[in-house]
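For reference, the structure is listed below as structure tokens.
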Amino acid sequence: QIAEPYIRRRALRHLEKNRMVIVAGGTGNPYFTTDTAAVLRATELGAEAVVKATKVDGVFDKDPMKHADAVKFDTISFQEVLDRKLRVMDLTAFTLCKENNLPIRVLNMYESGSMVKMLKGEKIGTLVME
């Protein structure tokens, strides 16, 4: 079985067995985005990081879909993201990550093998951290 409903103690057991836990979907509560749901679960589980799989390969100084000259950051701080008003994820989810010192890896979900590369420790996307 590759997927199962989220039950906190089961997720913790998987983590204890060095398995990867991927949280997807919403909370079933209005006003909570999927980003916020994932970050809430990550903080609840004591995760090491959050992966934001999206349509671009990281965090850029401006929207790369509109600006061909957009420059990608390999790493960037939470504060610099806020200062530059960059859009990494919704503000509630981002603030939860910042307040809990939970790094965010932003990568392109449409790039074949991007998750595997990240898990192997290859430099991919952007790392947002303190």
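Any read-out appearing in this document is the output of simple, stated calculations on the displayed coordinates, not a laboratory observation. Treat the numbers as computed from the prediction; the structure is a model and nothing was measured. Ideal geometry is used to build each Cβ from the backbone, glycine not excepted, and the neighbour counts take in all protein chains shown.
Couple of notes before you dig in:
- The stretch 1-55: relative contact order in percent, alpha carbon pairs under 8 Å with at least 6 residues between: 24 percent
- Take the Cβ atoms of LYS120 and THR27, set R0 to 25 Å, and the FRET efficiency comes out at 0.20.
- In summary, the aspartates and glutamates within cross-link reach of LYS52, defined as a Cα separation below 19 angstrom excluding same-chain residues under 8 places away, comprise ASP35, GLU44, ASP61, ASP63, ASP74, GLU80, ASP90, GLU99, GLU111, GLU122, GLU130.
- Our summary gives the chain a relative contact order of 27 percent, counting only alpha carbon pairs under 8 angstrom and 6 or more residues apart.
- With 0.36 nm allotted per residue and the present C-alpha distance subtracted, the LYS62-MET109 stretch has 15.0 nm of extension available.
- Counting only DSSP beta bridges whose two residues both lie in the stretch 8-129, roughly 40 percent are antiparallel.
- Charges were assigned to the Cβ only: +1 to each Lys and Arg, -1 to each Asp and Glu. The resulting dipole of the chain about its Cα centre is roughly 420 debye.
- Computed lengthening from TYR6 to THR43, 0.36 nm per intervening residue step minus Cα-Cα distance: 11.9 nm
- Descending by average beta-carbon neighbour count within 10 Å, the peptides 97-107, 20-30 line up as 97-107, 20-30, the highest first.
- Computed [θ] at 222 nm, deg cm²/dmol, the chain (DSSP H ≥ 4; -39,500 (n - 2.57); rounded to nearest 500): -9000 deg cm²/dmol
- Given the choices (i) 8.8; (ii) 9.8; (iii) 13.9, mean projected area of the Cα convex hull in nm² derived from the coordinates of this structure is entry (i).
- Among 56-65, 112-121, the peptide with the highest mean count of other Cβ atoms within 10 Å heads the list, and the full ranking is 56-65, 112-121.
- Only one residue of ALA3, ALA49, MET20 has its Cα farthest out toward the positive end of the dipole of the chain, where Lys and Arg carry +1 and Asp and Glu -1 on Cβ, and that residue is ALA3.
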